[in-house]
Amino acid sequence: MKVKIFMPVGTELERAERIRRLGADVDILDVNYDACVIVAKLYAVDHQGLFVQDTALETDSEKELKIPLYIMQGYMSILQEAFEQIPSMRPTHILLQCGVGSFASSLAAFIQNKFRDEVEMPILIGVEPAEADCFFRSAQTGELELVTGEMNSIMAGLCCGVPSTLAYPILRYYVRRVTILIRRKYLDYYNGWTMPWRPKYTGIFAIHC
Ligand SMILES: Cc1ncc(COP(=O)(O)O)c(C=O)c1O
């Protein structure tokens, strides 16, 4: 099988090289992650390929939604295996890193199901880079918010500005807090923002980095 991967501007060359060594053809584009998703989709259509990525969009057909859904189901195996290895594990807080949100939402759904009959549900906290804070912004406005342009953060795989429409409702329902990993120089800008999501629990919880 031939695999073509599109990676966003700012991708470390070594990261791309590692993927090439696995046999894929890799292009680093001069655009952000979300634009790469669109380029990849068009490329797949042109080359009769299978388009594999985990952002579900509002415009996706039922068939197109299947791939993000399969990826989300696959992510759940992380916690399945973790609980098989440590069955007594009872985390009080779980930090879930968000790019487009598929990873975080699948793990959030797994946790809700796993602990549904228990008195204490672990507190789920979404985490994302301040430069790509689409879930943080969505938590503030209560609407699905996009971030566009350059997302210049070292948290490469999390620099996504378009939330997955499959992930967003799950995160909105289950995640109590969205935390942004914020650089000290931007802290003043964010301080004082409040969030309508579950107001009893939410708050701004910034980590300097
Ligand atoms: C370990 C890990 N966490 C989080 C993410 C971000 O996932 P998503 O874009 O589904 O939010 C990725 C993406 O590849 C990942 O590999």
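Can you tell me what the convex hull of the Cα atoms of the chain projects to on average, as an area in nm²?
Numbers: hull surface 53.3 nm².
Quarter of the Cα hull surface area: 13.3 nm².
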Determine the shape class of the stretch 64-103: with a ≥ b ≥ c the square roots of the Cα gyration tensor eigenvalues, call it rounded for a/c under 1.5, and otherwise prolate if a/b is greater than b/c, oblate otherwise.
oblate
Please calculate how many Å² of accessible area the chain carries per residue, with a 1.4 Å probe and no DNA, RNA or ligand atoms counted.
59 Å²
Inverse of mean 1/r across different Cα pairs in the stretch 4-46, Kirkwood, Å
10.5 Å
Based on C-alpha coordinates, I'd like the Rg and Dmax of the stretch 18-91, in Å.
16.5, 50
Using label points projected 7 Å from each Cα along Cα→Cβ, tell me how many nm separate residue 24 and residue 4, to one decimal.
1.4 nm
Give the accessible area for residue 123 in Å² (nearest 10); use a 1.4 Å probe, count only protein heavy atoms, and leave out ligands, DNA and RNA.
50 Å²
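Test of understanding: given the chain, find the longest segment containing no GluC sites (Glu not before Pro) that are in a DSSP loop and have at most 11 other Cβ atoms within 10 Å.
Details: sites that count: 58, 118, 120, 143.
No qualifying site falls inside 144-209, the longest such stretch.
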For a paramagnetic label modelled at 7 Å from the Cα of residue 95 toward its Cβ, which residues of the stretch 135-165 fall within the zone defined by backbone nitrogen distances under 19 Å?
135-137, 153-160
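Suppose a student asked you for the relative contact order of the stretch 1-138, using Cα pairs under 8 Å spaced at least 6 residues apart; what percent would you report? All intermediate terms of the calculation are to be shown ahead of the outcome.
Working: 135 pairs, mean separation 22.5, N = 138.
Rounded, it is 16 percent for the stretch 1-138.
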Keeping every protein chain in place, order 70, 174 by accessible area at 1.4 Å, biggest value first, i.e. largest first.
70, 174
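Just flag the trypsin sites (Lys or Arg not before Pro) in the stretch 32-129 sitting in loop per DSSP whose Cβ has no more than 11 other Cβ atoms within 10 Å. Each step should come with its number before you reach the end.
Working: sites: 41, 63, 66, 114, 116; in loops: 116.
When the trypsin sites (Lys or Arg not before Pro) of the stretch 32-129 are filtered for loop state and at most 11 Cβ neighbours within 10 Å, 116 remain.
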Of the heavy-atom accessible surface of the chain (probe 1.4 angstrom), what whole percent is carbon and sulfur?
56 percent
Set 4/63; 4/114; 66/114, cut-off 32 Å on Cα-Cα distance; pairs above it are 4/114
Which trypsin sites (Lys or Arg not before Pro) in the stretch 1-37 pass both tests, a DSSP loop state and at most 13 other beta-carbon atoms within 10 Å?
2
Could you compute how much accessible surface residue 25 exposes when probed at 1.4 Å, giving the result in Å² to the nearest 10?
80 Å²
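Residue 143 to residue 73: extension gain in nm, 0.36 nm per residue of separation minus the Cα-Cα distance?
On the way: separation 70, 0.36 × 70 = 25.20 nm, distance 2.50 nm.
Gain in length upon complete extension: 22.7 nm.
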Once you place label points 7 Å from the Cα toward the Cβ at residue 64 and residue 114, how far apart are they in nm?
3.3 nm
Just grab the label-to-label distance for residue 80 and residue 52, each label 7 Å out from Cα along the Cβ direction, in nm (one decimal).
1.7 nm
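The values are calculated or read from the model by the stated rules, or taken from the named source; none is laboratory data. This structure is a prediction, so every number in the text was calculated from the model and none was measured. Glycine also receives a Cβ, built like all others from the backbone with ideal geometry; neighbour counts cover every protein chain displayed. Please note that ligands, DNA and RNA were not included when accessible areas were found on the heavy atoms of the full protein model with its side chains. Shrake-Rupley method; radii C 1.70, N 1.55, O 1.52, S 1.80 Å.
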